[in-house]
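Scroll down for the structure; my scribbles are underneath it.
The values are calculated or read from the model by the stated rules, or taken from the named source; none is laboratory data. Since the model is a prediction, treat every value here as computed from it, not as a measurement. Note: ideal-geometry Cβ built from the backbone for every residue, glycine included; neighbour counts use all protein chains shown.
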Amino acid sequence: MRIVVTGGAGYLGTHTSLSLIAAGHEVTVVDNFSNASRDAVRRTSDLAGSDIPVVEGDLLDRHLLEEIFAETRPDAVVHFAGLKSVGESNAQPLRYMTNNVSGTLQLLDAMDAASVRRIIFSSSATVYGVTETVPTPEDHPLSVTNPYGRTKLMTEDILRDLAASDPRWSIGILRYFNPVGAHPSAQIGEDPRGVPNNLVPFVGQVAVGRHEAVSVFGGDYPTPDGTGVRDYLHVMDLAEGHVAALDRIASRTGVDVWNLGTGRGYSVLEVIRMYAEVSGRPIPYRIVERRPGDVAVSYADASKAARDLGWRAVRSLREMIEDHWHWQDANPNGYDA
Ligand code: WQD
């Protein structure tokens, strides 16, 4: 199928575009490059062995969207484009609502006008809020505690309303747990701007000497070693999950939702120790106060994706860390501008 990948120059967008092409799809990347680099798409094209068309633009530009759909006539959209920092969203809620929700509304309107009614939406486990049950299934109650999470939940609700109003839509909602790692070639990977909020990219920057120690946010959680437990997922597993979800929605209408996670959790200290072992570099850390808004434990019940999509995460934590380290070591300053 012809697929438009919004946010296709980003971390998840590049890796997913590569897997889509490997599965025989044609990809067009749309990105405003507010948090991604052209070099990332160039390298993804090299890995794919074909030039990936790139359209620079913003989902708020309705005219541009109409042009894109008229020219590419896509069969489906994989929608990653969005701002994604929990902390930043607390400081800039309107920017997050405009970019993530209004942008998606413009996208859906333009898709409908062009009779493109298949979409995979990039949601997040953050919509589960403070989880009552772990592992967490898709029918767990939804609640959000920050504007970023609210944009994800609002968009999910918009998609559910759309599917209920018009049976021609085929919608797959994917709730990611903690994507980490990089393509094993070390050519593409995660390249956060500024100081990384997320654990693994920060640990990688400690390993290459860009920071002197990891601040472990809390050592007094009710977990085996007192530090936070999360469901880390290799980005290539996540990418392959999108290919499987696209296959699923291509043959049916309606809306459905799947967790993308491994179904098991690792603590902050386990990640740090694995990184030190894999990289051979000391990873100093100090335990500090809990980060506001963090939950103690989060990991997926991943059985629905296995049942419906025939997809399971297959890469281990060691592979995630090895692939992240190879990317980090080969690209200490990330992509070229
Ligand atoms: C993981 C663990 C921290 C950094 C976030 C978003 C979520 C999704 C994934 C977008 C936690 C601890 C972290 C550090 C630390 N993003 N930590 N020191 O918070 O589970 O999820 O990213 O969809 O929406 O909330 O990921 O990598 O920030 O934290 O101790 O410098 O590492 O407390 O236990 P998180 P994370």
Could you grab me the full set of residues in segment 210-223 that are surrounded by 11 or more Cβ atoms within 10 Å (Cβ to Cβ), farther than 15 Å from Arg286 by Cβ and either of a type in the set (A, V, I, L, M, F, W, C) or more than 10 Å from the ligand (Cβ to nearest atom) (or both)? Arg210
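Could you please find all residues in segment 21-35 being at pLDDT 95 or above and either surrounded by 19 or more Cβ atoms within 10 Å (Cβ to Cβ) or not acidic (Asp, Glu) (or both)?
Pass one, segment 21-35, residues at pLDDT 95 or above: 21-33.
Listed by number, the residues that qualify are Ile21, Ala22, Ala23, Gly24, His25, Val27, Thr28, Val29, Val30, Asp31, Asn32, Phe33.
Name every residue in segment 251-273 that is part of a helix (DSSP H, G or I) and either within 21 Å of Gly7 (Cβ to Cβ) or within 13 Å of the ligand (Cβ to nearest atom) (or both), in order of residue number. Before the answer, list the steps.
Initially, segment 251-273 is screened for residues part of a helix (DSSP H, G or I), giving 268-273.
Hits for segment 251-273 are Val268, Leu269, Glu270, Val271, Ile272.
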Out of segment 292-324, which residues are at pLDDT 95 or above and among the charged types (D, E, K, R)? Asp301, Lys304, Arg307, Asp308, Arg312, Arg315, Arg318, Glu319, Glu322, Asp323
Given (1) within 16 Å of the ligand (Cβ to nearest atom); (2) of a type outside the set (A, V, I, L, M, F, W, C); (3) touching a residue at least 40 places away in the same chain (Cβ under 8 Å); (4) outside any helix (DSSP H, G or I), identify the lone condition not met by Arg281. (1)
Could you please give the count of residues in segment 284-325 that are away from the ligand (no atom under 13 Å from the Cβ), over 30 Å from Ala186 (Cβ atoms) and in contact (Cβ under 8 Å) with a residue 12 or more places away in the chain? 4
Here is a check on your reading of the model: is Leu174 in contact with a Leu (Cβ under 8 Å, 6 or more places away or on another chain) and either touching a residue at least 24 places away in the same chain (Cβ under 8 Å) or more than 19 Å from Glu270 (Cβ to Cβ) (or both)? yes
Cβ pairs under 7 Å, 6+ apart, first in segment 214-228 and in contact (Cβ under 8 Å) with a residue 60 or more places away in the chain and under 16 Å from Asn197 (Cα atoms), second among the acidic types (Asp, Glu) and near the ligand (Cβ under 7 Å from one of its atoms): Phe217/Asp294; Gly218/Asp294; Gly228/Asp294
